[in-house]
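J.: Before we start, here is the structure in question, set down as structure tokens.
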Amino acid sequence: MRWRYWTGRALFYLLLAVILVYLIFPFYWAVVSSLKSPQELFATPVLYWPEHPRWQNYVDVFTQQPFGHNLLNSTIVAGLTTLLSLFIGSTAAYALGRFRFLGKHTVFYAILSVSMFPQISVLGGMFVLIRSLGLYNTWWALVLAYMIFTLPFTIWVLTSFIREIPRELEEAAYVDGASPMQVLRIVLLPLMAPGLVTAGLLAFIQAWNEFLFALTFTIDNSARTVPVAIALFSGASQYELPWAQIMAASVIVTVPLIVLVLVFQQRLVSGLTAGAVKG
Amino acid sequence: MTQPSRLAARRTRTAWLFLLPSLLVLLVVAAYPLWRTFQLSFYQVSILQFPLQPEWVGLDNYRFLLADPYWWISLKNTAVFTVVSVALETVLGLGIALVVNANFTGRGLMRTAMLVPWAIPTVVSAQMWRWMYNDVYGVVNDLLMRAHLIAAPLAWLADPHLALPGIIAVDVWKTTPFMALLLLAGLQSIPRELYEASTVDGASPWQQFWQITLPLLKPALLVALIFRTLDALRVFDVIYVMTGTNPTTMSMSVYARQQLVDFGALGYGSAVSMGIFLIIALFAAAYLVSLRVELD
């Protein structure tokens with residue numbers, strides 16, 4: 001009996017180890033490859049550990065590629081998108097989470113259905129819109145386009161947060177003669193802080209990772225974001241991709257995301273389950 | 001007017017005022033571009049000339065779409081990608097969720113590790129795997145050869161039989177943990193007493209899984225499934241980065257963008273986009289019906 005228990009236990013931990021390696025290995029491989037010299041990178045059989053870590057690859061990403069500029073573009077675009085979504089999304093979420101009015105369900109479903117739009121179905125129309133507004137190849141083109149998925153998502157996550165905040169404080173404020181806007185700003189927003197962090201983080205990550213719009217609405221590095229840059233990295237010749245640099249750039253953009261995820265783990269999971277399982 | 005109904009009218013007005021900015025933005029970034037794409041699908045128009053010089057062609061683009069072999073190939077690729085990846089992600093995700101739901105030391109570490117593939121941008125994970133799949137210097141071939149599963153290196157992304165399965169494997173790697181997290185939330189809402197009671201009654205873990213876990217997990221499972229299906233049907237990033245517009249792996253979204261941007265066919269590309277929209281709208285409608293969201 002004891003023997004069976006311990007074999008079961010061992011098999012269980014073996015299974016866990018297999019899952020863990022499966023999840024982590026590709027990232028490990030990106031890190032290892034980013035530290036290899038060309039000789040190590042193109043060695044056969046494959047080297048599983050860089051003998052002489054070559055940090056120069058991380059420098060090359062910024063000197064041989066315009067990656068610093070791409071990072072700046074991504075930060076500004078994702079940051080602006082997030083702030084705008086939170087700003088206008090929070091009032092909408094307050095209306096949907098707290099008020100009773102005719103047409104609320106219709107509005108709610110309309111917003112929800114926008115979040116399920118395939119981006120490709122608006123690509124042509126969006127391109128024409130952006131061209132006619134003169135925004136092509138600018139940050140604003142991407143900020144505008146990204147609202148299509150960050151705004152409905154933000155409204156959804158914030159609405160579910162607001163519903164969980166007790167009403168008593170608000171009612172007290174109304175009795176004291178506060179306007180709805182004051183109630184939202186002074187009473188509700190501080191209580192919503194965790195929700196704002198969750199929704200903001202998820203919106204930021206979505207905007208940071210977006211590829212289709214960024215690929216289509218930018219033409220050069222003046223507005224090109226990180227995912228497009230990483231997809232289009234080119235080396236000395238057309239046939240020779242700078243893999244070490246691509247991997248170094250990949251690690252650079254992934255590490256902050258992983259850190260964010262680690263720090264805000266609990267909130268992200270609850271936000272995702274609110275935003276995904278329920279809609 | 002009585003006092004309460006005047007109050008209600010004022011509350012209604014406030015609510016609409018609060019909704020106004022969001023509705024306006026969505027009108028501009030969602031409704032208008034969708035309408036414009038729909039409109040453009042009845043014209044022949046080049047993306048290269050601004051201002052546009054559209055030429056009315058009626059339903060010609062749609063007629064052409066129905067006869068276009070590349071559209072059907074991209075539809076088939078997308079269907080295969082969706083069915084296989086969603087099925088694998090559900091089964092593997094459920095497996096991982098069940099394992100992680102058990103009590104063990106290091107559970108926090110495991111949950112954290114599950115978020116890593118999700119946090120990595122799709123483009124980045126596609127590039128990482130593209131390098132791993134490299135036919136000469138790739139680690140995938142090396143590992144498979146060391147394990148004596150293959151005798152010679154395979155050209156994963158160049159071989160028409162291997163490219164789509166290879167891409168599906170990347171999507172499965174990236175999305176399974178996310179699926180597992182969603183299902184884990186469902187598992188944790190099942191009352192422990194049910195298992196305790198059935199253990200007393202002599203039920204085996206196997207019976208418990210089929211009689212308790214699966215039926216009670218069904219709502220969460222269904223929603224996760226539809227959610228993932230909607231996502232998989234519009235797949236673009238991973239396929240575009242790994243194999244570009246190669247017809248053997250091209251998805252519907254990749255094809256639409258190729259027509260719109262690479263070929264500059266704004267009219268026909270829009271018709272392709274509307275085809276995709278219609279297909280996904282059907283799935284989305286099923287999703288909304290199955291949700292029955294409670295608002296208050």
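Matching residues to (1) facing chain B (nearest Cβ under 7 Å); (2) touching a helix residue (DSSP H, G or I) at 6+ places or on another chain (Cβ under 7 Å); (3) farther than 29 Å from A:Leu142 by Cβ:
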site	(1), (2), (3)
A:Ala10	no, no, yes
A:Leu23	yes, yes, yes
A:Glu51	no, yes, yes
A:Leu83	no, no, no
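J.: Just give me the residues in the stretch B:229-282 being over 18 Å from A:Ala214 (Cβ atoms) and among the aromatic types (Phe, Trp, Tyr), in sequence order.
T.: Within the stretch B:229-282, B:Tyr255, B:Phe263, B:Tyr268, B:Phe277 qualify.
J.: Tell me, yes or no, whether the stretch A:163-175 has at least one residue that is small (Gly, Ala, Ser) and free of Cβ contacts under 8 Å to residues at least 60 places away in the same chain.
T.: Yes, that holds for at least one residue.
J.: Here's something else I'd like to know. Give me the residue from the stretch A:264-279 that is more than 7 Å from every other protein chain (Cβ to nearest Cβ) and more than 15 Å from the chain's Cα centre (by Cα) and, out of that set, modelled with the lowest pLDDT.
T.: A:Ala274
J.: In this structure, is B:Val84 out of contact with any Asp or Glu (no Cβ under 7 Å at 6 or more places or on another chain) and surrounded by 15 or more Cβ atoms within 10 Å (Cβ to Cβ)?
T.: Criteria met by B:Val84.
J.: More than 9 Å from chain A (Cβ to nearest Cβ), part of a helix (DSSP H, G or I), more than 20 Å from B:Ala97 (Cβ to Cβ) and out of contact with any helix residue (DSSP H, G or I) (no Cβ under 9 Å at 6 or more places or on another chain), is that true of B:Ala286?
T.: So B:Ala286 does not fit the description; no.
J.: Could I ask something else about it? Considering only the stretch A:164-201, state which residues are within 11 Å of chain B (Cβ to nearest Cβ), exposed (fewer than 15 other Cβ atoms within 10 Å of the Cβ) and under 25 Å from A:Ala110 (Cα atoms).
T.: Correct list: A:Met181 only.
J.: A further question on this structure: Which condition breaks for A:Gln119 when tested against (1) within 22 Å of B:Asp237 (Cβ to Cβ); (2) in contact with a Leu (Cβ under 6 Å, 6 or more places away or on another chain); (3) buried (at least 24 other Cβ atoms within 10 Å of the Cβ)?
T.: (3)
J.: Also, quick follow-up: Can you pull out the residues in the stretch B:170-202 that are modelled with pLDDT under 90 and among the hydroxyl-bearing types (Ser, Thr, Tyr)?
T.: Hits for the stretch B:170-202 are B:Ser189, B:Tyr195, B:Ser198, B:Thr199.
J.: Go through the residues of the stretch A:217-227 one by one and say whether even a single one is free of Cβ contacts under 8 Å to residues at least 60 places away in the same chain, assigned to a helix (DSSP H, G or I), at the interface with chain B (Cβ under 10 Å from one of its Cβ atoms) and aliphatic (A, V, I, L, M).
T.: no
J.: Does A:Thr138 fit the bill of being surrounded by fewer than 20 Cβ atoms within 10 Å (Cβ to Cβ), more than 9 Å from chain B (Cβ to nearest Cβ) and among the polar types (S, T, N, Q)?
T.: yes
J.: Looking at (1) outside any helix (DSSP H, G or I); (2) within 14 Å of A:Arg98 (Cα to Cα); (3) of a type outside the set (Val, Ile, Thr), find the lone condition where A:Gly177 falls short.
T.: (2)
J.: Which residue out of A:Thr106, A:Thr91, A:Thr81 is within 19 Å of the chain's Cα centre (by Cα) and closer than 21 Å to B:Ala31 by Cα?
T.: After applying the criteria, what remains is A:Thr81.
J.: Among the residues that make up the stretch A:141-162, is at least one of them surrounded by fewer than 19 Cβ atoms within 10 Å (Cβ to Cβ) and either within 13 Å of chain B (Cβ to nearest Cβ) or not in a helix (DSSP H, G or I) (or both)?
T.: no
J.: Is the stretch B:238-259 home to any residue that is among the charged types (D, E, K, R), more than 8 Å from chain A (Cβ to nearest Cβ) and more than 30 Å from A:Arg98 (Cα to Cα)?
T.: Checked against the condition, which is being among the charged types (D, E, K, R), more than 8 Å from chain A (Cβ to nearest Cβ) and more than 30 Å from A:Arg98 (Cα to Cα), the stretch B:238-259 yields no hits at all.
J.: Take residues that are within 24 Å of A:Glu210 (Cβ to Cβ) and facing another protein chain (nearest Cβ under 7 Å) and tell me which of the helices (runs of 4 or more DSSP H) falling wholly in the stretch B:99-198 contain 3 or more.
T.: Counting at least 3 such residues, we get B:107-119, B:122-132, B:163-188.
J.: Let me ask something additional. Restricting the stretch B:30-52 to residues that are small (Gly, Ala, Ser) and without any contact (Cβ under 8 Å) to a residue 12 or more places away in the chain, which is surrounded by the most Cβ atoms within 10 Å (Cβ to Cβ)?
T.: B:Ala30
The values are calculated or read from the model by the stated rules, or taken from the named source; none is laboratory data. Owing to the predicted nature of the structure, the values given are computational and were not obtained by experimental measurement. Virtual Cβ from ideal backbone geometry, glycine too; neighbours counted across all protein chains shown.
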